[in-house]
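Working notes for the structure below.
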Amino acid sequence: MFNRTSGILVHPTSLPGRYGIGDLGDAAYQLIDFLSDSGQSLWQILPPGPTGYGDSPYQCFSAFAGNPLMVSPDKMVQDGYIPHDRIPFVPDFPVEKVDYGWVIFWKNQLFEAAHKWFIESGGKEQKDKFEAFCTDRQEWLDDYALFMALKQEHVAHEGGVWNTWPTDIRDRKKAAIKKWTEKLADQISLEKFRQFMFFTQWLELKAYANSKGIKIIGDMPIFVAFDSADVWANRNLFVLDKEGNATEIAGVPPDYFSETGQRWGNPLYRWDKMKKNGYAWWTKRIAASFELTDIMRIDHFRGFESNWAIPAEEPTAVKGEWKKGPGIDLFKTLAENLGPLPIIAEDLGVITPEVEELRDTAGFPGMKILQFAFGGEQNSAFLPHSYAKECVVYTGSHDNETTLGWYLSASDKEKDHVRRYLGRDGHDIVWDLIRTAHQSVAVMSVIPMQDLMNLDNSARMNFPGKTGGYWSWRYTADMLNEFIGSRLKDLTELYDRLPTAEGAG
């Protein structure tokens, strides 16, 4: 299913620009041009959904909606959805990080102004497109827009989490749905308008990327956030009590990295009920994701074989039990419904033979992280000489230190191992590892943008298990230069990863 190719990992929020957060405007198109010019075929992103608590793209308000913070104000003006003089005053945003509170406040003002102008003065063609968008995506959009409007209405009470709402709307009684849909009609329209803007801009960008030979690799968390439209609208598919409280939650048990494990808090699926209805929700979720992306990385793939179920009242992930997932039955059903599935399995952490069998039976490549290869076992499965072709190699991921940060903080044993293995003296260690990734047999090689720029841990994107201050890294336009592009293209050509149209791959 996959050709020998390479690409870059960077989320759109990290792109440069004057509006406080990377967006889908000029900088995104310039990134596509950079990828094309440097011989790349892949652009990997993080989950593109609307972020909630902690600004994590892995805890979204919907598995179907897009993040309106990534909408480009300049594109809105160019496409005629708001006059330039209606854009609110642009503050002096920081350029090297996202200040989410500030950005959210300003973008809310922008959308309110744009929506008001659109309703009052928008053209017929634009309004027809909006109506068609709302009709085409009605199945999830109506629930999502009402959910977000209700959260805003009840935000003063425990943050507006859905199971704290009045009982009738919490439980989705028909009369309550009707009452609140009418009462919050303006806010619901605004929420739909935000999604219309996101999907319009994203699909235009994806079409441009595909025209340049670039495929977008998406990222899908296996679990959804408790405080999401998905859980509120599909309570019967999740392990909840009658009041809507989760009784078991997801996470991972204690391991080398954490004595108490990780307590994620996501509700678990009722796989038995999902199977009875032919995995309809999963089919819709995967289909919606492939509208936005070409390839999909599924985070915590092992949960499809077994997942760590933690009693909701437990403060840590120490107490729990492994519970079986749907296994290959889910992916057979998805393939029957949707055709071939270009999926990458995130198979990091404690992986059992059963998980490996599921991955291989499904035909999905797994992941290799070079940072994990050194200092421990000399026969580590993360060392390139042990790779099978069907895998995707990364120097690091959004959850790791940058490669330079990792090397600077590594033990003498680790540094010695990596230098001896690569046959290098360590003075250019990051690009030595980029070279190693590209020359490996892995069918795809993906490099985080921070590593291309040789940045230290001040550019780290996330630290698993910690909240506050992460997901905010951005680069400035001058940092992505021709020198990096030419160096990257040289390695890409040398190790036969250029697009097939150029005679390789």
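The values are calculated or read from the model by the stated rules, or taken from the named source; none is laboratory data. These numbers were taken from a predicted model, which means no experiment stands behind them. Glycine also receives a Cβ, built like all others from the backbone with ideal geometry; neighbour counts cover every protein chain displayed.
Odds and ends about this structure:
- Check on Asp299, of a type in the set (Asp, Glu), under 25 Å from Phe61 (Cα atoms) and over 22 Å from the mean Cα position of the chain (by Cα): no
- Residue within segment 342-353 that is closer than 25 Å to Lys284 by Cβ, aliphatic (A, V, I, L, M), in contact with a helix residue (DSSP H, G or I) (Cβ under 6 Å, 6 or more places away or on another chain) and without any contact (Cβ under 8 Å) to a residue 40 or more places away in the chain present: no
- Segment 423-436 - residue that is part of a helix (DSSP H, G or I) and over 15 Å from Phe372 (Cβ atoms) and, of those, nearest to the chain's Cα centre (by Cα): Ile434
- When segment 455-505 is filtered for residues that are part of a loop (DSSP other than H, G, I, E, B), at pLDDT 95 or above and not polar (S, T, N, Q), the ones remaining, listed by number, are Leu455, Asp456, Arg460, Met461, Trp471, Arg474, Tyr475, Leu480, Tyr495, Asp496, Arg497, Leu498.
- Checking Ala309, Ala287 one by one, the residue that is more than 17 Å from Ile249 (Cα to Cα), modelled with pLDDT of 95 or more and either outside any helix (DSSP H, G or I) or not aromatic (Phe, Trp, Tyr) (or both) is Ala287 and no other.
- Top-ranked residue in segment 44-79 [being within 14 Å of Glu204 (Cβ to Cβ) and touching a residue at least 24 places away in the same chain (Cβ under 8 Å); ranked as surrounded by the fewest Cβ atoms within 10 Å (Cβ to Cβ)]: Asp79
- Some residue of segment 288-297 being buried (at least 20 other Cβ atoms within 10 Å of the Cβ), touching a His at 6+ places or on another chain (Cβ under 6 Å) and either polar (S, T, N, Q) or over 24 Å from Gly265 (Cα atoms) (or both): no
- Inter-residue pairs, beta-carbon under 9 Å, first assigned to a helix (DSSP H, G or I) and in segment 272-283, second β-branched (Val, Ile, Thr), 6+ apart: Lys275/Thr333; Trp282/Thr333; Thr283/Thr333
- Hey, Val350 among the β-branched types (Val, Ile, Thr), within 24 Å of the chain's Cα centre (by Cα), in a loop (DSSP other than H, G, I, E, B) and farther than 20 Å from Asn236 by Cα or not: yes
- A count restricted to segment 327-347 and to residues that are in a helix (DSSP H, G or I), farther than 10 Å from Phe304 by Cβ and touching a Leu at 6+ places or on another chain (Cβ under 7 Å) stands at 2.
- Residue check: Ala28 meets all listed conditions (1) under 24 Å from Ala229 (Cα atoms); (2) within 19 Å of the chain's Cα centre (by Cα); (3) of a type in the set (Gly, Ala, Ser); (4) not in a loop (DSSP other than H, G, I, E, B) but one, namely (1).
Okay, residues lined up against (1) more than 24 Å from Gly54 (Cα to Cα); (2) touching a helix residue (DSSP H, G or I) at 6+ places or on another chain (Cβ under 9 Å); (3) in a helix (DSSP H, G or I):
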residue: Phe130; (1), (2), (3): yes, yes, yes
residue: Leu150; (1), (2), (3): no, yes, yes
residue: Val155; (1), (2), (3): no, no, no
residue: Gly159; (1), (2), (3): no, yes, yes
residue: Asn163; (1), (2), (3): no, yes, yes
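- Taking the numbered list (1) part of a helix (DSSP H, G or I); (2) closer than 23 Å to His11 by Cβ; (3) not β-branched (Val, Ile, Thr) in turn, Ala442 passes all entries but (1).
- Checking Trp232 against (1) touching a residue at least 60 places away in the same chain (Cβ under 8 Å); (2) outside any helix (DSSP H, G or I), the condition it does not meet: (2)
- The set of residues in segment 463-493 that are under 21 Å from Asp399 (Cα atoms) and buried (at least 21 other Cβ atoms within 10 Å of the Cβ) comprises Trp471, Trp473, Arg474, Tyr475.
- Residue that is surrounded by 15 or more Cβ atoms within 10 Å (Cβ to Cβ), in a helix (DSSP H, G or I) and free of Cβ contacts under 8 Å to residues at least 24 places away in the same chain, where the choices are Ile188, Ile177, Ile169: Ile169
- So Ala233, is it among the aliphatic types (A, V, I, L, M), under 23 Å from Gly160 (Cα atoms) and surrounded by 15 or more Cβ atoms within 10 Å (Cβ to Cβ): yes
- Any hit, segment 451-461, residues being among the hydrophobic types (A, V, I, L, M, F, W, C) and surrounded by fewer than 14 Cβ atoms within 10 Å (Cβ to Cβ): no
- The set of residues in segment 207-228 being part of a helix (DSSP H, G or I) and touching an Asp or Glu at 6+ places or on another chain (Cβ under 8 Å) consists of Asn210 alone.
- Any chance Arg263 is surrounded by 15 or more Cβ atoms within 10 Å (Cβ to Cβ), at pLDDT 95 or above and out of contact with any Phe, Trp or Tyr (no Cβ under 6 Å at 6 or more places or on another chain): no
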